[in-house]
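The values are calculated or read from the model by the stated rules, or taken from the named source; none is laboratory data. What you are looking at is a predicted structure, and each value in this text was computed from that prediction instead of being measured. Glycine gets a Cβ as well: all are built from the backbone with ideal geometry, and neighbour counts include every protein chain shown. Calculation scope for accessible area: heavy atoms of the full protein, side chains included, ligands and nucleic acids excluded. Shrake-Rupley method; radii C 1.70, N 1.55, O 1.52, S 1.80 Å.
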Amino acid sequence: FFDSALGHRIITLETTARRAFLDPDTEAAAYDLMSSGAISDDRAALIQEFMDVNDLVAFDTSGALNTNFAFLSGLAEAELFRMSEADILDQVYRQVEETRDSTEAWLRAYLTMAYQPLSNEELSDYIAFSERPEGQRLNRALFTGFGEMYDMQYRELSRSGARPLYSHDL
């Protein structure tokens, strides 16, 4: 699928939208577009179907919670931030609903912006690919790979931030 002209176009649109979302004004404009009512019901339904078929809210929420756990676990290695695994899990669990809600809103805004140039038929073709076994395997492989990478990065980031706190006066 991604070797086709449509697949190449989708990759370009997704990458461009990711870069654009680094600008807070662009991200805010995408949220404004979502809340303005300017998105047709047909397009909103296709975006929702794409999110559902790929289980994006669950995967992204899980990924965010896992990276929070990894970050706090790395931080907890410093004496000043010492926490048990149960404490870390409790803190992460308290964020589930908020994380799910913000993830869903972000996904809806991002996907609507990214796929705006696509026709409904092209988006339907992408959804059809996503429903097939190879589309599902690709989706899971991407989430697994990125999840492992993000967990490692967040754990190391927190360790680096806490490293000066490891030292003690002699």
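Observations, loosely collected:
- In region 32-55, the residues that are in contact (Cβ under 8 Å) with a residue 12 or more places away in the chain form Cβ pairs under 7 Å with partners that are open to solvent by 70 Å² or more (accessible area, probe 1.4 Å) and among the charged types (D, E, K, R), at six or more places apart or across chains, as follows: Val53/Glu131.
- Any hit, region 126-138, residues being over 28 Å from Leu13 (Cα atoms), in contact (Cβ under 8 Å) with a residue 60 or more places away in the chain and in a helix (DSSP H, G or I): no
- Meets criteria (hydrophobic (A, V, I, L, M, F, W, C), assigned to a helix (DSSP H, G or I) and open to solvent by 50 Å² or more (accessible area, probe 1.4 Å)) for Ile11: yes
- Within the option set Phe59, Phe50, Phe71, being assigned to a helix (DSSP H, G or I), aromatic (Phe, Trp, Tyr) and modelled with pLDDT under 90 holds for one residue only, Phe71.
- In region 22-31 there is no residue matching the filter, namely being within 18 Å of Tyr126 (Cβ to Cβ) and either out of contact with any strand residue (DSSP E or B) (no Cβ under 7 Å at 6 or more places or on another chain) or not aliphatic (A, V, I, L, M) (or both).
- Among the numbered conditions (1) part of a helix (DSSP H, G or I); (2) open to solvent by 60 Å² or more (accessible area, probe 1.4 Å); (3) in contact with a Lys or Arg (Cβ under 9 Å, 6 or more places away or on another chain); (4) within 23 Å of Asn120 (Cα to Cα), the only one that Phe1 does not meet is (1).
- Against the list (1) open to solvent by 60 Å² or more (accessible area, probe 1.4 Å); (2) part of a helix (DSSP H, G or I), the condition Pro117 fails is (2).
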